[in-house]
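Here the structure is laid out as structure tokens; the discussion comes afterwards.
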Amino acid sequence: MVDQLLTAGIAAAAGVAVYLAAATRVVKQYERGIVFRFGRLRKGVRPPGLAMILPVADRLHKVNLQIVTLPVPAQEGITRDNVTVRVDAVVYFKVVDPASALIAVEDYRFAVSQMAQTSLRSIIGKSDLDDLLSNREKLNQGLELMIDSPAMGWGVQIDRVEIKDVSLPETMKRSMARQAEADRERRARLINADAELQASHKLAEAAEVMSDQPAALQLRLLQTVIAVAAEKNSTLVLPFPVELLRFLERATPTPTPPATTAPPEPLPATNPPEPLPAGGGAARRTAHAPPARGPPPPPFRSAWSEQIEAVTGIEPV
């Protein structure tokens, strides 16, 4: 009798152990449990910890409440200004209603992924290239609203959406590089022109000061010679003062032009020639001699005069 009672007690304990093992479920801290009894949703969500269910009638589904990082594959599209680009993004979302995430949609991860791809292509078609490159914060907010609107019915909340990269064609990259280079060159020219304007004002002030003191100009000339001589080159600068040219011009004798003569008077009209006497050949040659030529042109000025006039702009005396 005792053996039978002992056997029955062991069998009951084993049955209870098996039942507890089949009915006990563990829900982790970042999960929530949803129970379906004979296919119907049981009210309430099982909190973290031990959850007891009926082994045959109930089915426990665990839903992860952690933030999910979902990369969106690169989508190719045409912007509003007719530029072909490839854009990829990343979506951060989490489940806020475990029951809706299981009942309202078959696979909420796949649904969010497809909605993100569709919304990304729509954003590409509605935006300009400049907005994709420089105004991403606004595009991220618009993309988040487009994905979050249908996702709320699935028990999913979109936490954040970010556009990762915008791939451009090589021709467009070269065009943008040329545009940036032209803009930088324009700014460099403006800065250079401003510097030249300021330098011209300073040079004008320096010229006014040097005009009062001629020695200052000579000292500045000597400083320039020293600066050129300090460089390692074969150029030799010899300043040639204008005063020396004037001295050499005065030392050069100026030729005096010959006196001008009056033009020859016209020959008077003559009667028809008479018969020449003997030896008339000599008389004919004397009568038809060519008239005298005018005075020769004045001589050119000397080379020193022309050089001085070309350098100084002053006609030497």
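Extension gain, residue 131-residue 25: 0.36 nm per intervening residue step, less the Cα-Cα distance, totals 33.0 nm. At a 1.4 Å probe radius, carbon and sulfur cover how many percent of the accessible area of the stretch 91-148? Of all accessible area on the stretch 91-148, carbon and sulfur atoms account for 49 percent. Here the stretch 189-228 and the stretch 108-157 have alpha carbon centers that stand 63 Å from each other.
Along the stretch 149-163 the Karplus relation, 6.51 cos²θ - 1.76 cosθ + 1.60 evaluated at θ = phi - 60°, assigns HN-Hα couplings of 4, x, 6, 5, x, 9, x, 10, 10, 7, 8, 6, 10, 10, 7 Hz to successive residues, with x for each Gly and Pro.
Scanning residues 5 or more positions from residue 127 or on other chains, those with amide H under 5 Å from its amide H are 80, with H placed 1.01 Å from N in the peptide plane. Tell me which of 100, 51, 129 sits at the most positive position along the dipole axis of the stretch 1-137, charges placed on C-beta atoms (Lys, Arg +1; Asp, Glu -1). Going by the Cα projections, it comes out as 51. When the square roots of the Cα gyration tensor eigenvalues are ordered a ≥ b ≥ c, the ratio a/c for the stretch 93-192 is 1.5 or more and a/b exceeds b/c, which makes its shape prolate.
Computed with every protein chain present, the accessible area of residue 219 is close to 110 Å² [probe 1.4 Å]. Taking 118, 79 and ordering them by how much accessible surface each has at a 1.4 Å probe, largest first, produces 118, 79.
When +1 charges are put on Lys and Arg Cβ atoms and -1 charges on Asp and Glu Cβ atoms, the dipole computed for the stretch 1-141 relative to its Cα centre reaches about 540 debye.
Counting charges near residue 52 (Lys, Arg +1; Asp, Glu -1) among other residues having Cβ under 14 Å from its Cβ returns a value of +4.
Of the GluC sites (Glu not before Pro) found in the stretch 100-195, the ones in coil according to DSSP and having at most 13 other Cβ atoms within 10 Å of their Cβ are 106. Once both labels are positioned 7 Å from their Cα atoms along Cα-to-Cβ, the gap between residue 193 and residue 230 label points is 3.3 nm. Between the beta carbons of residue 145 and residue 41, assuming R0 = 30 Å, the FRET efficiency works out to 0.50 to the nearest 0.05.
The values are calculated or read from the model by the stated rules, or taken from the named source; none is laboratory data. It should be emphasised that the depicted structure is a prediction, and the values quoted were computed from it without experimental measurement. Note: ideal-geometry Cβ built from the backbone for every residue, glycine included; neighbour counts use all protein chains shown. What goes into the accessible areas is simple: the full protein's heavy atoms, side chains included, and nothing from ligands, DNA or RNA. Shrake-Rupley method; radii C 1.70, N 1.55, O 1.52, S 1.80 Å.
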